[in-house]
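Peer 1: The following block contains the structure, expressed as structure tokens.
The values are calculated or read from the model by the stated rules, or taken from the named source; none is laboratory data. Computed from a predicted model, the values in this text were never measured in an experiment. When we count neighbours, we look across all protein chains shown, and the Cβ atoms used for this are built from the backbone with ideal geometry, even at glycine.
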């Protein structure tokens, strides 16, 4: 079970980083979401994956699951949703003002940068 979770975290992180390094805004947003999911899974797995164990201390139970990683994941979900909304609004603003969704500020065919200067 732990190996499966570790592989899932690794795949989500690798795919997210690949998409973040693309020079378009939509893959950037999807990549940031995947990295956010990987961090959430890592935080959740840090609370010792145990089935059938209550999240509160009970005298009848043999143990309990730490509720702190669950609270951290819930907080991280809310923060990542807000972050994604802000990034989507910034990408839409760049699309409407520039007419392009590249993140490298290049003009494409002309080879000019954001300042309009020719690259030497």
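Peer 1: Is it the case, given these coordinates, that residue 43 is under 15 Å from the mean Cα position of the chain (by Cα) and within 30 Å of residue 84 (Cα to Cα)?
Peer 2: Against the criterion (under 15 Å from the mean Cα position of the chain (by Cα) and within 30 Å of residue 84 (Cα to Cα)), residue 43 qualifies.
Peer 1: Go through the range 19-43 residue by residue and tally those that are in contact with a helix residue (DSSP H, G or I) (Cβ under 7 Å, 6 or more places away or on another chain), in a helix (DSSP H, G or I) and within 22 Å of residue 94 (Cβ to Cβ).
Peer 2: Of the residues in the range 19-43, 13 are in contact with a helix residue (DSSP H, G or I) (Cβ under 7 Å, 6 or more places away or on another chain), in a helix (DSSP H, G or I) and within 22 Å of residue 94 (Cβ to Cβ).
Peer 1: Continuing with the same structure: Quick test for you: out of 110, 106, pick the one residue that is surrounded by 15 or more Cβ atoms within 10 Å (Cβ to Cβ), part of a loop (DSSP other than H, G, I, E, B) and at pLDDT below 90.
Peer 2: 106
Peer 1: Also, I was wondering about something else. Considering only the range 58-75, how many residues are surrounded by fewer than 17 Cβ atoms within 10 Å (Cβ to Cβ) and touching a residue at least 12 places away in the same chain (Cβ under 8 Å)?
Peer 2: 6
Peer 1: I've got another one for you. Which residue pairs have Cβ atoms closer than 8 Å, lie 6 or more positions apart in sequence or on different chains, and pair a first residue in the range 36-57 that is without any contact (Cβ under 8 Å) to a residue 40 or more places away in the chain and on the phi > 0 side of the Ramachandran plot with a second residue that is surrounded by fewer than 17 Cβ atoms within 10 Å (Cβ to Cβ) and not in a helix (DSSP H, G or I)?
Peer 2: Hits for this filter: 48/66.
Peer 1: Does the range 57-75 contain at least one residue that is under 30 Å from residue 101 (Cβ atoms) and either touching a helix residue (DSSP H, G or I) at 6+ places or on another chain (Cβ under 9 Å) or not in a helix (DSSP H, G or I) (or both)?
Peer 2: No, that holds for no residue.
Peer 1: Can you name every residue in the range 1-13 that is touching a helix residue (DSSP H, G or I) at 6+ places or on another chain (Cβ under 9 Å) and either surrounded by fewer than 17 Cβ atoms within 10 Å (Cβ to Cβ) or on the phi > 0 side of the Ramachandran plot (or both)?
Peer 2: Listed by number, the residues that qualify are 2, 5, 6, 8, 10, 11.
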